[in-house]
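Worksheet: one structure, shown below.
The values are calculated or read from the model by the stated rules, or taken from the named source; none is laboratory data. Please read all numbers here as calculations on a predicted model, not as lab measurements. With ideal geometry, Cβ positions are generated from the backbone for all residues, glycine too; neighbour counts draw on all protein chains shown.
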Amino acid sequence: MEKRRLARWRFARPRTYRLLRLAPWCVVLASVGCDSLNPAFVSIFDPTGASASLDNAPGHVIIAFINNVTFDDRLLTYLESNGNASQYSGATGSLHPLIRATIQVRFTDQSVLQLEAITGNPDIVETGFPRPIFVDNTIDPEVFTRVGICDVESVTLVATNTEVFIPVEITAFQLIQTTNDAGAITGNTFEPRTRTQPRFIPLQIDDVDANLNVVTVRNVDIRDVPTPVQNPVCGAVIGIVLEGTISVPFLERNGVAVSDAPSYDQDDAATIAAIGGRYRFNVTIN
C-alpha cells in the first residue's frame with residue numbers, strides 16, 4: 001500500500017515556504033496548460049532559508065509538471081465494466097492516471113532540492129483493490145507547480161525516476177503444451193501463474209544497440225526523454241510535460257481472448273517490456 005506525501009521536501013538546510021493560489025499566474029502558464037490548473041497551488045522555496053512571497057521576491061522561476069497522459073480505450077473499458085470508472089462517464093478526456101515524478105532543483109550555491117510531483121485521478125483503481133493512500137489527498141489531476149526564488153542553476157527530471165500507477169491486477173499465464181507418445185503436440189493451453197496487484201512502476205527507456213537502433217521497445221524512446229534546464233533566467237516558466245497513453249496487455253491466442261482481464265504470456269519478453277504504455281516528455285521554457 002502506498003502512503004506518500006503530495007510533495008516531499010528534502011533540504012540541505014532548513015528552509016521555509018508558503019502556499020499561494022495559482023490563479024495570478026494563469027496568464028504566464030497558459031503555454032503549458034494553465035486552463036487545467038484550477039484548483040492548484042504554488043509553494044515558494046528559497047535557498048537562503050528566508051521566507052518569501054511573490055510580493056518581496058527579487059526573482060523567481062516557475063516549475064510546472066503537466067500530466068497529459070490518457071487511458072488506453074481497452075483499459076478504460078475494462079475499468080468501466082466493473083463499475084470503477086463509470087462515475088466519469090462522459091468526461092473520460094479529463095481522466096489522467098497517477099504519475100509520480102521527482103524533480104531536482106539545484107541552486108547556484110550547489111544546494112539541492114528534491115520535489116516529488118504527484119498528479120492524476122487516485123480513484124481510478126480496479127474494483128476490489130484499495131486506491132493509493134496519500135497523506136494529502138488534494139491531488140490535482142493534471143498539474144503540479146512550484147515557484148522557486150532565484151538563483152536556480154538547473155532543473156532536472158530523469159525519465160526513469162518517473163512512475164506511473166498501474167490501476168489493475170495483471171495475471172501472467174504460462175503456455176502448456178501436451179503431446180502424444182510420438183511427441184506430436186496435441187494441445188495448447190494457458191494456465192495462470194502469478195498475479196501482480198495495482199502498483200507504481202518506473203518508466204523504462206528503450207534498449208538500443210551501438211547505432212541507436214531500437215532493440216527492445218519499452219516505455220520511452222531515447223529521443224523523448226526530458227532535457228535538463230540549465231541556468232534559467234529569473235522570471236522563467238519551465239514546463240515539463242508528460243504525454244502518452246497508459247496501457248496494459250490483454251492476452252489473446254489466435255484472436256481469442258485467454259482472459260477478459262489484463263494478462264500476458266510470461267514468456268513474451270516484448271510484451272512484458274512494454275507494460276505501462278508509451279510516453280514522451282516535452283520541456284518548454286518561457
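Only one entry in Asn219, Asn282, Asn188 is modelled with pLDDT under 95 and of a type outside the set (Asp, Glu), namely Asn188. Within segment 245-267, the set of residues being assigned to a loop (DSSP other than H, G, I, E, B) and either closer than 26 Å to Ile99 by Cβ or in contact (Cβ under 8 Å) with a residue 24 or more places away in the chain (or both) comprises Ser247, Val248, Pro249, Phe250, Leu251, Val258, Ser259, Asp260, Ala261, Pro262, Gln266, Asp267. Regarding Thr189, is this residue of a type in the set (Ser, Thr, Tyr) and either within 19 Å of Val69 (Cβ to Cβ) or surrounded by 11 or more Cβ atoms within 10 Å (Cβ to Cβ) (or both)? Spelling it out, Thr189 is indeed of a type in the set (Ser, Thr, Tyr) and either within 19 Å of Val69 (Cβ to Cβ) or surrounded by 11 or more Cβ atoms within 10 Å (Cβ to Cβ) (or both). Annotation: of all residues in segment 188-211 being in contact with a Ser or Thr (Cβ under 8 Å, 6 or more places away or on another chain) and of a type in the set (A, V, I, L, M), the one that is farthest from Gly244 (Cα to Cα) is Ile205. Within segment 128-144, the set of residues being more than 20 Å from Pro198 (Cα to Cα) and either at pLDDT 90 or above or aromatic (Phe, Trp, Tyr) (or both) comprises Glu142, Val143, Phe144. I'd like the residue in segment 150-165 that is in contact with a strand residue (DSSP E or B) (Cβ under 6 Å, 6 or more places away or on another chain) and among the hydrophobic types (A, V, I, L, M, F, W, C) and, out of all such residues, is modelled with the lowest pLDDT. My answer is Val152. Per the listing Asn211, Asn121, the residue uniquely outside any helix (DSSP H, G or I), under 26 Å from Tyr264 (Cβ atoms) and of a type outside the set (Asp, Glu) is Asn121.
Quick grid of which residues meet (1) among the β-branched types (Val, Ile, Thr); (2) crowded, with 16+ Cβ neighbours inside 10 Å; (3) touching a His at 6+ places or on another chain (Cβ under 9 Å):
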site	(1), (2), (3)
Val105	yes, yes, no
Ala117	no, yes, no
Pro122	no, yes, no
Pro130	no, no, no
Gly148	no, yes, yes
Leu157	no, yes, no
Glu163	no, yes, no
Ile170	yes, yes, no
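One residue stands out in segment 235-266 among those that are modelled with pLDDT under 95 and charged (D, E, K, R): the one that is surrounded by the fewest Cβ atoms within 10 Å (Cβ to Cβ), namely Asp260. Figure legend. Inter-residue proximity from segment 140-157: first residues aromatic (Phe, Trp, Tyr), second residues in a strand (DSSP E or B), beta-carbon distance below 6 Å, spacing 6+ or different chains. Indicated pairs: Phe144/Phe65; Phe144/Ala117; Phe144/Thr119. Of the numbered criteria (1) of a type outside the set (A, V, I, L, M, F, W, C); (2) farther than 30 Å from Leu79 by Cβ; (3) part of a strand (DSSP E or B), the one Thr189 fails is (2). The residues in segment 218-234 that are in a loop (DSSP other than H, G, I, E, B), exposed (fewer than 14 other Cβ atoms within 10 Å of the Cβ) and of a type in the set (A, V, I, L, M) can be counted, and the count is 1.
In the set Asn211, Asn180, only one residue is more than 27 Å from Ala257 (Cα to Cα) and modelled with pLDDT under 95; that residue is Asn211.
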